[in-house]
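Data first, discussion second: the structure below is written as structure tokens.
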Amino acid sequence: MTAMLRFEPGFHERVWGGRRLASIFGKPLPEGVIGESWELVDRPGEQSIVASGPHAGRSLGELWRSDERRTIFGSRAEGWGDRFPILVKLLDCTQTLSVQVHPPATLVPDLGGEPKTEMWVIVAAEPDAHLYAGLRRGVTREAFGEALGRGDDVSGMLHRIDVDAGDVMFLPSGRVHAIGAGNVIVEIQQNSDTTYRVFDFNRPGLNGEPRDLHIEESMRSIDWDDVEPSLVVPDGETLVAGDLFVVERWQVDRPRPVTDPGECAIVAALDGGLVVAGQELEAGSFGLVPADARDATIAAASPGATATALRITLPAR
């Protein structure tokens, strides 16, 4: 029997970041403008490390590639390859992120990199917080390319969506997008780190130099038929049920099972504390409940309270 796995977060300074992951969630941030906290990651250049318990010091990737893979991650872990297939982050978007796109799988053989489908759950939103996703109606490839050639701000050619805490956006590979200033977001994504930057508002990066743009790759990757997509409309507790990840949002007001029999689940506490598999999980924290957990239940930390949780699971392949 394995206890819930808690991992050390990996903090990343970003030109668009801030300090709200500390002020909202009490994250122990290093100095600087911290834009991302990588909560669950198995990448060649970065690994989530188990913080405590019998597996302390071991990486997510080490566990995934060990003989314990099925014991910890369940029967659905079969067929996913040699890296844990989901990457989970917290984002503090104090400034607007670059206009960007991720390559569709069909183009990866030509362009290189990896496809990246993702979703955003808005945790906190300042007044006038917004997202850009897809194209405005009437925008053509030709007009967009000409605007880029002139150095215009092409964010005005994207579909702007005003958002509040609780809103959800799904972004398949090929959907051009940008996160507007004022959002704190949980990002759940395919295990990939390929981003083509289209426009970066002519600002310097952290080193004082402009960040690279990827115009040719972006123009090939953008889905030009993706016009004015809508926010996700939840289906009961289910936010997204795709072939890469399944994400549910639970209002936890009573104890209930948190894993499916013989499977693992990632749990994020969004507001209020939780007790997951016998351990406390404070707001802004994440845990992986293994398939063989000795206590695979979830409850609000305070009796009579209600807390919001995200449950992330692997779909069957």
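Couple of notes before you dig in:
- Selected from R69, R43, R254 as most flexible by GNM, with the chain as the system and alpha-carbon contacts under 10 Å: R254
- Computed magnitude of the charge dipole of the chain (debye, nearest 20; Cβ of K, R +1, Cβ of D, E -1): 360 debye
- Mean ellipticity per residue at 222 nm, deg cm²/dmol - from DSSP H runs of n ≥ 4 across the chain, formula -39500 (n - 2.57): -2500 deg cm²/dmol
- For segment 178-317, the solvent-accessible area with a 1.4 angstrom probe is 42 square angstrom per residue.
- Cα gyration tensor shape for segment 112-223, rounded if a/c is under 1.5, else prolate or oblate: rounded
- Low-density loop positions, GluC sites (Glu not before Pro), segment 53-106 - DSSP coil, at most 12 other Cβ in 10 Å: E78
- Excluding ligands, DNA and RNA, the accessible surface per residue across segment 45-148 is 41 Å² with a 1.4 Å probe.
- Computed lengthening from D110 to R19, 0.36 nm per intervening residue step minus Cα-Cα distance: 28.9 nm
- The GNM of the chain, with springs linking C-alpha atoms under 10 angstrom apart, assigns the highest mean-square fluctuation among V121, V108, V41 to V108.
- Shown for segment 28-106: the carbon plus sulfur share of the solvent-accessible area, taken with all protein chains present and a 1.4 angstrom probe, equals 50%.
- By accessible area with a 1.4 Å probe, ligands and nucleic acids excluded, highest first: order of V186, V139: V139, V186
- Residues of segment 158-185 with amide N under 17 Å of a point placed 7 Å along Cα→Cβ from R211: 176-185
- Segment 28-77 versus segment 140-157: alpha-carbon centroid distance in Å: 40 Å
- For the pair T238 and E146, a Förster radius of 35 Å applied to the C-beta separation gives a FRET efficiency near 0.25, rounded to the nearest 0.05.
- Rounded to the nearest 20, the Cβ-based charge dipole of segment 83-166 about its Cα centre (Lys and Arg +1, Asp and Glu -1) stands at 260 debye.
- Most fluctuating residue given options N191, N202, N183, as computed from a GNM of the chain linking Cα atoms under 10 Å: N202
- Whether segment 1-155 is rounded, prolate or oblate, judged on the alpha carbon gyration tensor where a/c under 1.5 counts as rounded: oblate
- Farthest towards the positive end of the charge dipole of segment 128-188, among the residues A147, H177, A165, is the Cα of A147, using unit charges on the Cβ of Lys, Arg, Asp and Glu.
The values are calculated or read from the model by the stated rules, or taken from the named source; none is laboratory data. Model, not experiment: these values are computed from the prediction. As a convention, Cβ positions derive from the backbone with ideal geometry for all residues, glycine included, and neighbour counts pool all protein chains shown. Note: accessible area is taken over every heavy atom of the protein model, side chains too, but ligands, DNA and RNA are not part of it. Shrake-Rupley method; radii C 1.70, N 1.55, O 1.52, S 1.80 Å.
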